[in-house]
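This report concerns only the one structure given below.
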Amino acid sequence: MSKKTCTLFTALITLVIFFSFIQQLLSQPVSISVTPLFNEVVSYPGVTRKFNILLVNEGDPNTTGNFRIRPIPVKVNKAGYFQPLSKDETNPWDCSEWIKVSPSEITLKGQEGKVIECTVTIPRGISGGRYCAVLFELLPEKKSPTGEEEGVASLTITTQILSIVSVTVPGGKIERKVNLEEFTVENVKIENNNMIAFTALLKNQGNITVQTKGTLVIKSRLGRRIREIPLGGGMGLLFPGAEAELKSIIRPLPPGEYIADAYIRYGVPTVLRASIPFSVTTGEAKPGTLAGGKGIDVVAEPSIQEITAPPGSFRSSVITIQNMTEKPVEVKINTKPVALGPSGDITDTEDARYSCTEWIKTDTGSFTLKPKERRSVRVNVTPPRDIKPGGRYANVSFEVSDPSSRDGITTTLDTLYLVTVPGELKYAGEVQDIRLVGVGDSAFPQFFALFKNTGNIHLKASAVLTIKTKETEKEKSRIIAEEISFSDGEVVVLPDGTREFMLLYTQPLEPGEYIASVRVNFGEKRWATLEKEFRIEKKEEAKE
């Protein structure tokens, strides 16, 4: 065997042994849980308060873990993640020096727990909000190095969990002041699907922790309200000096121009507000108007027309279309059977069971719009006398083209007709599945809930999510987040159609087992529910 071959062989053997050693360390059976993960203390200067935190060794009963507990200063990033301060960092809102814990070190056998007593003493002359964390650390097993191990680089695996402490000191000069620093719209991809993200950046310039609540309102260019959904999620706490991003992600809107309004409330009479215009083309959002890019600036209102028409009746409605450009445009009208995809997008279908295209007529099939001209198109609905009760649907589509354009650009505007034939109407639906994405890779899971309309009439459905811990022999189930609205808001689901609701949970979830509960509301005292278990794995930290 040559010298090079021998050296390579030795290196390979060393790597195999090294990674086998790493795997053994990472698979150690000792794990911990801490309850609660958030502690809120309200006290006055010079007063001492106590609170308890339960530490449990979740490992095998045959294992033993050594734990160290201590209060530490922390910082919180825009996403709501708490991190210990580095040696060179300081936090003027820290209160870790006010807190004492007992015991500070403890040894627990597997499945054994201990209540840690925490005492916080507020110094005099203090007012406002402060925060810190109690760090629970699983210490590595102490071993005396052998002669062979001396001088060899070592790898120490530690497990750490933070329990956040928020202290509010009433009285004195309390200043509640939050700035809305920025409001943006951008395109993001989730599972290779285009999405639109709206983000409001807040900064707490006051001296007290506040609870924020954001609302996102999306309007058409003409001011018609299209959607109203929560902006951000979770507890919404904003600590003094900290920044936070309130983010909501929605599926792409139909092509056109829109206005997004952000409203932020934080416990004072005034409301923070920001507005941004944006346009949507080919499924992507772009800040600004269509004038800045390719597209035909034409508006059609409304996008949804609801009509109740008994058998043999006559109903008439109007769709208004307006040319916002300085050039004439040509418009062609088509009426087609319609279906709504899982994302809510309008799609053509050959299924005519719920179609009303044969008895819905427009007063014209094509026309030309002069620059800045506005025109009303009349749509007549005449259901047959023998039609059965239930919902019937059609898509009135306007295909707009610019005859002077060399690129052949066209824009399609849709108005969805929802016709109710009264009688025996069945309002029914079921939540078929709850799907989680990114649970193994991120502490911010994305929840998808699949809902199906099993009735004979369209439903206006909205979904909420509740997250709770899984009940164990030692601990009852706790609600982590209650009835968080999915970002889709209220949507239309046609008979026999499905809708996938989406929610990005933007608050950190500590390692453990949870239950996701989804409730879809589709009318007064009408709802469907489903529960699904999921797990957040702990992340090991390696220190060299």
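Derivation of every value follows stated rules applied to the coordinates shown; laboratory data play no part. In this text the structure is predicted, and so the values were computed from the model without any measurement. FYI the Cβ positions are ideal-geometry reconstructions off the backbone, even for glycines, and counts take in every protein chain you see.
In the chain, the longest principal axis of the Cα atoms and the axis of helix 3-26 are about 80 degrees apart. Here each label is just a point 7 Å from Cα along the line to Cβ, and for residue 194 and residue 359 those points are 3.8 nm apart. Counted over all Cα-Cα pairs of the stretch 429-542, pairs farther apart than 23 Å make up 32 percent.
Summarising the label geometry, the points placed 7 Å from Cα in the beta-carbon direction at residue 121 and residue 435 lie 5.7 nm from one another.
Once fully extended, how much extra length lies between residue 60 and residue 336, figured as 0.36 nm per residue of separation less the alpha-carbon to alpha-carbon distance? Write down the numbers at each step before the final one.
Working: separation 276, 0.36 × 276 = 99.36 nm, distance 6.32 nm.
My answer for the length gained is 93.0 nm.
Using unit Cβ charges (K, R positive; D, E negative) and no other charged atoms, how large, in debye to the nearest 20, is the dipole of the chain about its Cα centre?
Numbers: 66 positive and 65 negative charges, 271 e Å.
For the chain, the charge dipole is close to 1300 debye.
With a Förster radius of 25 Å applied to the beta-carbon distance between residue 213 and residue 275, the computed FRET efficiency rounds to 0.90.
Placing +1 on the Cβ of every Lys and Arg and -1 on the Cβ of every Asp and Glu, with nothing else charged, gives the stretch 208-248 a dipole about its Cα centre of roughly 420 debye.
Need the C-alpha centroid separation for the stretch 245-277 versus the stretch 377-424, integer Å. Each part reduced to its Cα centre gives a spacing of 30 Å.
Over the chain, calculate the relative contact order: mean separation of alpha carbon pairs under 8 Å at least 6 apart, over the residue count, as a percent. Could the numbers behind the result be given before it?
On the way: 1378 pairs, mean separation 58.9, N = 544.
Here the relative contact order equals 11 percent.
Using a Förster radius of 51 Å, what is the FRET efficiency between residue 308 and residue 404 based on their Cβ-Cβ separation? Nearest 0.05, please.
Details: r = 43 Å, r/R0 = 0.84.
About 0.75, to the nearest 0.05.
Taking Cα extents along the principal axes in Å as the quantity of interest, determine which of [x] 153, 76, 57; [y] 76, 67, 63; [z] 92, 79, 52 was computed from the displayed structure. For Cα extents along the principal axes in Å, the calculated option is [z].
In terms of other Cβ atoms within 10 Å, 50, 525 run from fewest to most in the order 525, 50. Only Lys, Arg, Asp and Glu carry charge here, each on its Cβ (+1 for the first two, -1 for the last two); on that basis the stretch 429-542 has a dipole of about 300 debye about its Cα centre.
Between the DSSP loop rule and a limit of at most 16 other Cβ atoms within 10 Å, which chymotrypsin sites (Phe, Trp or Tyr not before Pro) in the stretch 273-365 are left? Intermediate values should be presented prior to the final figure.
Numbers: sites: 278, 314, 354, 359; in loops: 314, 354.
Filter output for the stretch 273-365: 314.
What residues of the stretch 253-270 lie in the reach of a label at residue 179, counting those whose backbone N is under 18 Å from a point 7 Å from the Cα along Cα→Cβ? Residues 264-266 fall inside that zone. Between residue 286 and residue 482, the distance separating the two model label sites (each 7 Å from Cα on the Cα→Cβ line) works out to 4.6 nm. The residue list 379, 39, 239 was ranked by how far each Cα lies along the charge dipole of the chain toward its positive end, using unit charges on Cβ atoms, and 379 comes out on top. The calculated 222 nm mean residue ellipticity attributable to helices in the chain amounts to -1500 deg cm²/dmol, summing -39500 (n - 2.57) over DSSP H runs of n ≥ 4 and dividing by all residues. Summarising the amide proton neighbourhood of residue 474: residues at separation of 5 or more, or on other chains, whose placed amide H is nearer than 5 Å comprise an empty set. Taking the charge dipole of the stretch 37-124 about its Cα centre, with +1 at Lys and Arg Cβ atoms and -1 at Asp and Glu Cβ atoms, the residue from 53, 92, 107 reaching farthest to the positive side is 92. Straightening the chain between residue 473 and residue 235 buys 82.9 nm, computed as 0.36 nm per residue apart minus the Cα-Cα spacing. For the stretch 68-127, the pair-distance distribution built from all alpha carbon pairs, in bins 10 Å wide starting at 0, is 18, 37, 34, 10, 1 percent.
Taken over the Cα atoms of the stretch 298-421, the convex hull encloses 106 Å³ per residue.
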